[in-house]
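Comments concern the structure below.
Quick note: the coordinates plus some simple rules give every number you see, no bench work behind them. No experiment lies behind these values; they were computed from the predicted model shown. Cβ: placed from backbone, ideal geometry, glycine included. Neighbour counts: every protein chain shown.
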């Protein structure tokens, strides 16, 4: 990317204005992507417990996989205990996502990180079967499905 030097108003030409406009649009686009990722993946405190929020809702398979990969890296910064609140409302069937989730889940289990996950948005019986099978394969025992965020948070902070 070319760095632009700001010039006096009478020195503007159409090309420099156009370049600034394109640079501005690119920077805005990147900042929006970062903000979207932060809105979808972050840590917050609830009742003295650190919880990782993962919002997969209304995402396509590609975005879900990118978010999962970021969540794995982000989650390993939590220490030896990780509380996860994940929302899967209005998500498509994603075989590749499930495959990656199983692999990452096994790596967490093998690394000794204790994971407790509350999952929202699993509204169909088929999705519930897939989630339960995935958790059985990954050997993560502390996973529950919830209909409300409040109930999920209450369960996550229980000892």
For the modelled label position 7 Å from the Cα of residue 110 along Cα-to-Cβ, which residues of the stretch 125-159 have backbone nitrogen atoms closer than 16 Å? 137-140
In which sequence would 64, 52 go, from the one with the fewest C-beta neighbours within 10 Å to the one with the most? 52, 64
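Starting from the Cα coordinates of the stretch 30-159, work out the convex hull volume and express it per residue in Å³.
106 Å³
If you rank 97, 146, 44 by fewest surrounding Cβ atoms within 10 Å, what's the result?
Working: 97 22, 146 18, 44 11.
Ordered by Cβ neighbours within 10 Å, fewest first: 44, 146, 97.
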For 89, 100, ascending order of other Cβ atoms within 10 Å (fewest first) is 89, 100
